[in-house]
Amino acid sequence: MALTPAQHRLAAVLKQLRARSGMSATELGQLLGWTQTRVSRAENGGRRVSVAETVAWADASNAPDGLRGEALGLAADTARDVRSWWTAHTGGLAGRQQEIAAMEASAEVIRNCQLMIPGLLQTAEYARHALTLANVSGQSDIAAAVATRMRRQEILFDQSRRFEYVLPESALTFRLTDDPAVARAQADRLLSVDTLANVSIAILPTSVPAPILPAAFALYEIPVEPVVVVETLAHEVVMGDERDVAIYRQAFGRLRDASVTGDEAHRLIRASVGG
């Protein structure tokens, strides 16, 4: 994703603090328990730096009060990044799909709870309808975006990664089109993907009391810097604060505990298309 002005400035301030201290990236990393690469990525905006990490950086570099206060303020601003789709879609819908693919490639585990079928599980026709309905910024590259989304799905076959999904039963019957063939193909796709050893699809039955308020989110368990992404009709919210991440981890766990998997989940998937 493109860096926000606050992220650019925080990276510059962190680099300034290290340079002012006279330490190399390796030396600062040793004090922080970081690798030199992790320090360098923080200084060039290649990773999100939390408030707690910024405090440790400021302490280790003996930051003066003014720069320390600026760094902490910027870290607080970047912990929750809100972008409108008009900003996020400057590279078109296909470009946005490539950004998501990069985030997926960085994650060891992806936990996803959506009110409809998530992108990595969609058929091409389902994806075309979903992207068309979501195209509030009026982009013209829907076909290219569908193709890019389909290529994203190759990551499901990477056995070094885990993909965990919780879908409310209503997501199975959420219709993007009147064509029943689209729904049947999408149900077959879910059943097929759920046979992969590193993919788990759990369904929250409508007969079960909701363990939390309705929420749709994706949790990317990126080593050292996990993030949660929440999408609205007009915005994307990216949260990297440890407290936010912990809340969504707990929410996912509660949803999964209340859901069914395996044969019970497959029965609900088949029933959603009259199977």
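Shape analysis of segment 205-275 places it in the prolate category; the axes a ≥ b ≥ c from the Cα gyration tensor give an a/c of at least 1.5, with a/b above b/c. For segment 150-199, the pair-distance distribution built from all alpha carbon pairs, in bins 5 Å wide starting at 0, is 4, 16, 24, 24, 17, 11, 3, 0 percent.
The alpha carbons of the chain give a radius of gyration and a Dmax of 20.9, 69 Å, in that order. When both segment 119-174 and segment 204-275 are represented by their alpha-carbon centers, they are found 16 Å apart.
An ellipsoid equivalent to segment 55-140, defined through the eigenvalues of its Cα gyration tensor, has semi-axes of 37, 17, 11 Å when rounded to whole angstrom and sorted largest first. Taking max minus min of the alpha-carbon positions on each principal axis, segment 35-83 gives extents of 32, 24, 15 Å, largest first.
For segment 167-195, the residues whose backbone nitrogen is under 19 Å from a point 7 Å from the Cα of Asn135, taken along Cα to Cβ, are 176-179. Between the alpha-carbon centres of segment 87-116 and segment 29-59 there is a gap of 25 Å.
In what sequence, highest mean first, do 168-174, 138-144, 38-44 appear when ranked by Cβ atoms within 10 angstrom? Spell out each step's value before the answer.
Working: 168-174: 18.1, 138-144: 14.6, 38-44: 20.4.
Averaged packing, sorted descending, gives the order 38-44, 168-174, 138-144.
Between rounded, prolate and oblate, where does segment 120-275 land on the alpha carbon gyration tensor, with a ≥ b ≥ c its root eigenvalues, rounded for a/c under 1.5, else prolate if a/b exceeds b/c? Taking the square roots of the gyration eigenvalues as a ≥ b ≥ c, segment 120-275 is rounded.
Net length available on complete extension from Ala102 to Arg162 is 20.0 nm, with 0.36 nm assigned per residue and the Cα-Cα distance removed.
Using the average count of surrounding beta-carbon atoms within 10 Å as a protection proxy, the listed peptides 90-96, 131-137 rank, highest first, as 90-96, 131-137.
With the largest listed first and rounded to whole Å, the semi-axes of the equivalent ellipsoid of segment 1-130 from the Cα gyration tensor are 35, 16, 12.
Can you pull a Stokes-Einstein diffusion coefficient for segment 5-78 at 10 °C (1.306 mPa s), Rh from Kirkwood over Cα pairs, as a whole number of µm²/s? Answer, rounded: 136 µm²/s.
Determine the calculated [θ] at 222 nm for the chain from helices alone, applying -39500 (n - 2.57) to every DSSP H run no shorter than 4 residues and normalising by the residue count; nearest 500 deg cm²/dmol. Walk me through the numbers before you get to the answer.
Numbers: 13 runs with 143 residues, N = 275.
When only DSSP H runs of four or more count, the value is -15500 deg cm²/dmol.
Read-outs: derived from the displayed coordinates by stated rules, not from any lab. Predicted model only: the values in this text are computed from it and were never measured. Ideal geometry is used to build each Cβ from the backbone, glycine not excepted, and the neighbour counts take in all protein chains shown.
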